[in-house]
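**Student:** Let me give you the structure first, and then I'll get to my questions.
Only the coordinates and a few stated rules stand behind these numbers; no lab work does. A quick note: this is a predicted structure, and the numbers were derived from the prediction, not measured. Please note: Cβ atoms are built from the backbone with ideal geometry, for glycine as well, and neighbour counts cover all protein chains shown.
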Amino acid sequence: MLNSLSKLRKTGVAALTLGVASVFLAGCTMNGPQASPTAAEKRQELNAAATATLSKLYEAAPQSKQLVAQARGVLVFPAVLSASFIVGAQHGSGVLRVNGQDTGYYSITGGSIGFQAGAQSKAMVVLFMTDDALAKFRASSGWTIGADATVAVANVGANGNIDSNTVQQPIVGFVMNNGGLMAGVSVDGSKISPLLL
C-alpha cells in the first residue's frame, strides 16, 4: 500500500510538472516579437530620417541648401547599407520630395566587385535639377544610375563650395557617411525602383 501511494505521488508530481510546463510553453509561443511597423509608420520614419539627412547635408555643404531649393525633385536615401567581402551589395529605402511634399518611396540596390571587406552605412541625396530629368525618373519602373541617367556626384571644396561644373548638371548627387561628405565616390550601377509603402 505504501508502495502504491508513493507511485501515485510520483505520477501526480509528474502530471503537475507537465501541466505547469505546458502553461509556460504556451505563454512563450503566444508572446512572440512585437508586430512589425505599419506602412504609415514606415513612411513617417523614412520622412523624418530624410529631413534629418538634409539638415546634415546643409551643415556639410551650405551651398547645397540653395541647390535643393532650386531642384525640381529631391530623392533622399537616409541609410544605404553596404556589406561586402570580395563581392559587395547595398540596399536602402528613400523618399522623393517634389515642391516640399513627399510624393513617392523608392528602394536602391547595387553591387560592386573588387577586394573590399566590411559594412558601412551612407546617405545619398539625388537632386533632379530639370523638369525633364525628374519626368524621366518618375516614368521609369526601374532606373539605373550610369545606364538610364548620369548622376554628377558633387565635389565640395575646402571652403564648402560646390564646384561650378557640378551645379550645372541635370542630376546632382551627394553621398555622406558619418565623417561627412564623401569625395570621389561612384554611384554608377545603383538601381532605383519604386517602393510600395
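**Student:** Past 24 Å, Cα to Cα: identify those pairs from LYS56/LYS122; LYS42/LYS136; LYS42/LYS65; LYS42/LYS122, in the order given. Please list the in-between numbers first.
**Tutor:** Details: LYS56/LYS122 12 Å; LYS42/LYS136 26 Å; LYS42/LYS65 26 Å; LYS42/LYS122 19 Å.
Going by Cα-Cα distance, LYS42/LYS136; LYS42/LYS65 fall outside the 24 Å limit.
**Student:** Modelling each spin label as a point 7 Å along the Cα-to-Cβ direction, I'd like the SER36/SER55 distance in nm, to one decimal.
**Tutor:** Inter-label distance under the simple model: 2.9 nm.
**Student:** If you don't mind, there's one more thing I want to ask. So what's the net charge close to LEU57: Lys and Arg +1, Asp and Glu -1, counting the other residues with Cβ under 15 Å from its Cβ?
**Tutor:** On the way: positive: LYS56, LYS65, ARG97, LYS122; negative: GLU59.
That sum, taken over residues with Cβ under 15 Å, equals +3.
**Student:** Calculate, in nm to one decimal, what ASP131 and THR166 gain on full extension: separation in residues at 0.36 nm each, minus their alpha carbon distance. Walk me through the numbers on the way to the answer.
**Tutor:** Values: separation 35, 0.36 × 35 = 12.60 nm, distance 1.74 nm.
Extra length available between ASP131 and THR166 comes to 10.9 nm.
**Student:** Then there is this: In a shell of Cβ-Cβ distance under 13 Å around ILE192, excluding ILE192 itself, what net charge do Lys and Arg (+1) and Asp and Glu (-1) give?
**Tutor:** Working: positive: LYS136, ARG138, LYS191; negative: ASP148, ASP188.
Net charge in that neighbourhood comes out at +1.
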